[in-house]
Amino acid sequence: MSCIEFQRRDLRPMIAVIGLTWLAGCSTPLPPTAPPPAQRAGATVSRAAAAPATARTWDEYRTQAARRIVAANPQQSHLGAVEEPLLAIPVLEVELNGDGSVRSVNVLREPRQAKDTTRIAIDAVRRAGPFGDVTRLPKPWRFSEAFLFNDDRRFKPRSLD
């Protein structure tokens, strides 16, 4: 084996580590695992914070709405890893007015067990509204969200998983 082949072989693991480090720096940062201190103390989400940055697609809007739901419900939500098995997974469809206020909440899927989690999810959505202007997005103005509940009856919106 020549000296050049030996050096190339030694450099491969180092190049792989550098490449992975570079790729990790390009990823989108995860949201914080705990809400800010003001929200932990039980403060409600202000109406000034109601309008998230203008979303260009319904996927972006749903993610922004999910972040808002978590921020408005710090005692009932979490952003940690989803633990299997889940207690319940209610799925809601949220219909909005043009200003982002909640027009209606429809249950698309009610879990067989822990049916009270559906009411917790509906109340969480209503507390978090309004979600910001939707007039630039195509009609119908609605989105769906699955709520992943753990055994402590705390949820994580599927859009943030």
Looking only at the range 137-150, decide whether some residue is assigned to a loop (DSSP other than H, G, I, E, B), closer than 13 Å to His78 by Cα and either in contact (Cβ under 8 Å) with a residue 24 or more places away in the chain or open to solvent by less than 20 Å² (accessible area, probe 1.4 Å) (or both). yes
Condition met for Arg119 (part of a helix (DSSP H, G or I), closer than 17 Å to Arg142 by Cα and of a type outside the set (A, V, I, L, M)): no
Qualifying residue in the range 110-127 (condition: under 20 Å from Thr54 (Cβ atoms), out of contact with any His (no Cβ under 9 Å at 6 or more places or on another chain) and not basic (Lys, Arg)): no
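For the range 46-59, enumerate the residues that are under 16 Å from Asp133 (Cβ atoms) and either modelled with pLDDT of 95 or more or not in a helix (DSSP H, G or I) (or both).
To start, the set of residues in the range 46-59 that are under 16 Å from Asp133 (Cβ atoms) comprises 47-58.
Once the filter is applied, which keeps residues that are under 16 Å from Asp133 (Cβ atoms) and either modelled with pLDDT of 95 or more or not in a helix (DSSP H, G or I) (or both), the range 46-59 yields Ala51, Pro52, Ala53, Thr54, Ala55, Arg56, Thr57.
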Among the residues of the range 60-108, which ones are surrounded by fewer than 17 Cβ atoms within 10 Å (Cβ to Cβ), in a loop (DSSP other than H, G, I, E, B) and more than 14 Å from the chain's Cα centre (by Cα)? Gln75, Glu83, Glu84, Pro85, Asn97, Gly98, Asp99, Ser101
When you scan the range 112-129, how many residues do you find that are at pLDDT 95 or above and either buried (at least 18 other Cβ atoms within 10 Å of the Cβ) or hydroxyl-bearing (Ser, Thr, Tyr) (or both)? 8
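The values are calculated or read from the model by the stated rules, or taken from the named source; none is laboratory data. Quick caveat, the model's predicted, so the values are computed rather than measured. Quick reminder, even Gly has a Cβ in these numbers, built from the backbone with ideal geometry, and neighbours come from all protein chains shown. Surface areas here come from the heavy atoms of the whole protein model, side chains and all, with no ligands, DNA or RNA. Shrake-Rupley method; radii C 1.70, N 1.55, O 1.52, S 1.80 Å.
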